[in-house]
Structures are given as structure tokens and as C-alpha cells.
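No value in this document is a laboratory result; all are computed from the given coordinates. Quantities reported herein were computed from a predicted structural model and do not represent experimental measurements. Reconstructed Cβ throughout: ideal geometry from the backbone, glycine too, with neighbour counts over all protein chains shown.
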Amino acid sequence: MNTDTMAPPSAKHRVPVPAHVPADLVREIDIYALDGIEEGVHEAWKKVQQPDTPPLVWTPLTGGHWIATRGVLIDDIYRSPDRFSSRVIWVPREAGEAYEMVPTKMDPPEHTPYRKAIDKGLNLAQIRKVEGDIRAVAIELIEGFVSTGQCDFARDFAGIFPVKVFLAIAGLPMDDAAGLNLLAKEMTRPSGNTPEEQGKSLQTANAGFFAYVAPIIAARRGGTGTDLITQMVNSEINGAPMAEDKLLGLVSLLLLGGLDTVVNFLSFMMIYLARHPETVAEMVSDPMKLQRGVEEMFRRFAVVSDARYVVEDMEYHGTQLRAGDLILLPTALHGLDDTQHENPMKVDLSRRNVAHSTFAQGPHRCAGMHLARLEVLVMLQEWLARIPRFSLKDGAAPIYHAGIVAAVEDIPLVWEV
Ligand code: HEM
């Protein structure tokens, strides 16, 4: 009998606890198979954050890594690239080492000119120019099913809306969405039962992105188009054209960032709203509350959990870290931290302090956040104008997936027509 294949995935990921990790900091947490995930990804992460949970815990699963469990640390680690590098930002380490996107793996000062190039295409002024297009996509999708009184939100809206918006900004055909979505899933929730297998899955997906973008980059070099990819391809780094390998990583990252995150964020948000008609009614009756509520939604439904690499041996918040250790930063645990927010699981549209790290902090703070914010605002405005009351269909059981980007599917919504 092959006991190896019968073991649960977590057991295969297990590594011995290193000598510098005290036994009382060890917790069994597998970011790809969180305990209690049937109730929801955020609910499962919240269980990790008990009043007596130390600010840093160490898991022997997924190849072994630290997890920052409080907002103060998550915020500080993202802001401190000199001590916590981006050279490995995915767990398991094998997946992080196979990941070749640009500029997420770079630290300043190397990172800075690449980030400037990206910001030229995604800054607030640029994004405001496409608000009309974003609105048109939202309206078209909602009008497509509003009269039927039902939809599967993940399949019929969230899985299409941000993808269509982003592909239009990038000047890419919508037909490419399905293939890109599959690649994005393999990047953020790589398949495999061991760190080695997950590393291989990620490497294949990364290569898939590069193979997809290479001919597009070649075709747009020297072009005069105004789409995001043409802008990136023809931007300069320290006065010279961007090197081919960097362009492959950068254009691939834009696609990855633009696809998986908003899709899943919207889905988590709408499950909550379907279960909380009083919050929906507040937004419907007061457009300002809706507008201000967008940031509260980002606080409550963070989806990214990536990592940083400890640069040198140090003591941090009373804990001994060794150079090369990885620290996972579940961004959900900042927004949901009850030492910073009263009743954090509740969406409170009047909340004053909405501190969160949903878009990270510091030099790598999400370059697409203006686009993401506008997509969420426009989506809520157009949805609530047409469907002001909705709920989950009786017996609905959304299926949750944890990973670098948390995901959810099967969200049947119903409303009166
Ligand atoms: C709900 C939506 C989104 C969330 C929660 C999110 C979250 C994040 C986070 C946490 C990071 C930091 C990663 C790290 O440094 O380890 C990041 C970086 C980034 N995101 Fe987003 N993102 C979202 C939407 C988008 C969109 C729509 C785009 C559009 C292209 C995008 C593009 C990027 C890029 C290019 C970076 C890399 C920035 C850098 O390394 O300097 N994101 N995002």
C-alpha cells in the first residue's frame, strides 16, 4: 500500500520545526487548505487570529514559514523592503522561486523605474478616462440577466466584468479570457500535493503567460497605440528600452493582477451583501454611503496572502528570525484585526477608521488599485440601480478556495422582477 499518496496534502508539505522556532509559536496552518474554509475564507483566516495568538506564528506546512497575524506587522513588513525583501513572495518557496513576474520580485532601487512605467498607464487620471467604458460593460452584463430574476454571480458577472474591462484597456481580444483565467488560477492556487509539484505547476503557468505575451510584445514594439501594453512595451528604464525578459514579466504581471483579484473580491462582497439586506438598503438610500462604503468593502474582503523574505537574522516583535525565512502576510488579517477595528466582520458603512493592507503597503502597493476601486464603485452603482434587493437562492453553498489569491464559486443570486 502506498501510504504516501493516501496522506492528506498538508502532511506531505510538512517540514521539521527549525531550531530557532520556539514550540509555543508553532501552529498547523496550510494556506491552501485552511481549517474551517467551508464557512468562508475570511471566517477561516479570522479563526487563526485569536486574542492569545502571537503576532508571529510558524507553520510546518507548505514547506514551513512564518505567518504575521496582526495588522501592525503586516503593514510594517510590507513597508520595510530593506529588512523584508520581495525576492520570494509566494509560498511554498519552490513556487516563489519559480515565479518570474516583474516588478513584484524586485526591491528598491531596482524596482522604482519599473513601477514608474506602470504608474504612467494606471494612475488615477488615466483610469478616470475609462470610467464610461467600465460603466458600459457593467450595464451590458447586468441588463443581460436582470429580467430573469437570477444569475450565478461568479459565473455571469464577476468572472466576466473585470476581465472584459482589463482586456479592453490592454487592447486584447475577449476570446483570450478563458485561457488567461486558467493560467491565473494555476499561478495563485497552483495544483500539486507537494511544494515541488506546486513549484512545477507555477513554473508551467508562468511560462504559459510568457508564451502568450511574447508575440503581443513583438507586435506592439514601436507602435503608437494608446493601450496599456503598447505604453509598457515602449517605455524606458533609466533612459534605455526595457529588456525583453523584463517586458515578458511585466506584461504578464499586469494580466495576472488585472484578472484574478477583482473577480474574487467582487464575489466575496456580493455573498455578504446578499446575506445583509440592511447594508444594501443603506447603500441604496444614500449614494454617499455607497461611495464611502467601497473602502470598507476592501477592508472586509481582502483576498491576497503573499510573503516576504527575511534579509538577515534579526529579532522582530520579540521573535528570532533567520535570514531566508519566509513570512506570509494574509492581508485579510489586517482589515479583520479587532485590535484596530471594532466588530471587524461587520461591514459598517459609517466606519471612520478603515485601515487595511488589502492592496499591500510600501513600494509594491497595488498599481491597479485605482482601477479596482472604480470597478467596484461603478459595479455597485449600476447593480443597485437595477437590482436593489437580492438574496442567495435557498440551499446555496458557495465553494471557497484558499491560496495566494482567495477564490469562491457557485453564488446563485435571486431577486424579484
Ligand atoms: C481587488 C483587487 C486587487 C487587489 C486586492 C490587489 C492586491 C494587490 C497586492 C496585495 C499587491 C502587492 C503584492 C506584493 O507586493 O507582494 C498588488 C500589486 C500589484 N497589483 Fe494589484 N490588486 C488588485 C487589483 C489589481 C488590478 C485591477 C491590477 C491591474 C493591472 C493590479 C495590478 C497590480 C500590479 C501591477 C502590482 C505590482 C506592483 C509592484 O510590484 O510595484 N492589481 N496588488
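Using the Cβ-Cβ distance between E28 and Q320 with R0 = 30 Å, the FRET efficiency computed as 1/(1 + (r/R0)^6) comes to roughly 0.90.
The stretch between N181 and R365 holds 64.0 nm of extra length on full extension. This uses 0.36 nm per residue minus the Cα-Cα distance. Place +1 on the Cβ of every Lys and Arg and -1 on the Cβ of every Asp and Glu in the chain, take the dipole about the Cα centre, and give the residue among S86, I29, S191 whose Cα lies farthest towards its positive end. Working it through, the farthest residue towards the positive pole turns out to be S86. The packing ranking of peptides 139-145, 409-415, 329-335, highest mean first, is 329-335, 409-415, 139-145, where packing means the average number of other beta carbon atoms within 10 angstrom of each residue.
With the highest mean first, a sort of the peptides 206-218, 178-190 on other beta-carbon atoms found within 10 angstrom per residue produces 178-190, 206-218. Spacing of the modelled spin labels on T112 and A243, each 7 Å from Cα toward Cβ, amounts to 1.9 nm. For the stretch 126-251, the residue among A240, G208, G171 whose Cα projects farthest onto the positive side of the dipole built from Cβ charges is A240. In order along the stretch 125-130, the Karplus-derived 3J(HN,Hα) couplings, from 6.51 cos²θ - 1.76 cosθ + 1.60 at θ = phi - 60°, round to 4, 5, 5, 4, 5, 9 Hz, and Gly and Pro are given as x.
Charge tally around F210: other residues with Cβ under 10 Å, Lys/Arg +1 each, Asp/Glu -1 each, net -2. Comparing G318, G258, G192 in a Gaussian network model of the chain where C-alpha atoms under 10 Å apart are linked, the largest mean-square fluctuation is found at G318. The local environment of V310, defined by Cβ-Cβ distances under 9 Å, has a net charge of 0 under the rule Lys, Arg +1 and Asp, Glu -1. Using the rule -39500 (n - 2.57) for each DSSP H run of four or more residues, divided by the residues of the chain, the 222 nm mean residue ellipticity is -14000 deg cm²/dmol.
If the segment from E140 to D286 were pulled out straight at 0.36 nm per residue, it would be longer than the present Cα-Cα gap by 50.1 nm. Taking a sphere under 14 Å around the Cβ of S252 and counting the other residues whose Cβ falls inside, with K and R at +1 and D and E at -1, yields a net charge of -4. Sequentially through the stretch 182-194, phi angles give Karplus couplings (6.51, -1.76, 1.60; θ = phi - 60°) of 5, 4, 4, 4, 5, 6, 9, 9, x, 6, x, 9, 10 Hz, Gly and Pro residues having no value and appearing as x. Each of T53, I139, Y316 was scored by the projection of its Cα onto the charge dipole of the chain, and the greatest displacement toward the positive side belongs to I139; charges sit on the C-beta of Lys, Arg, Asp and Glu.
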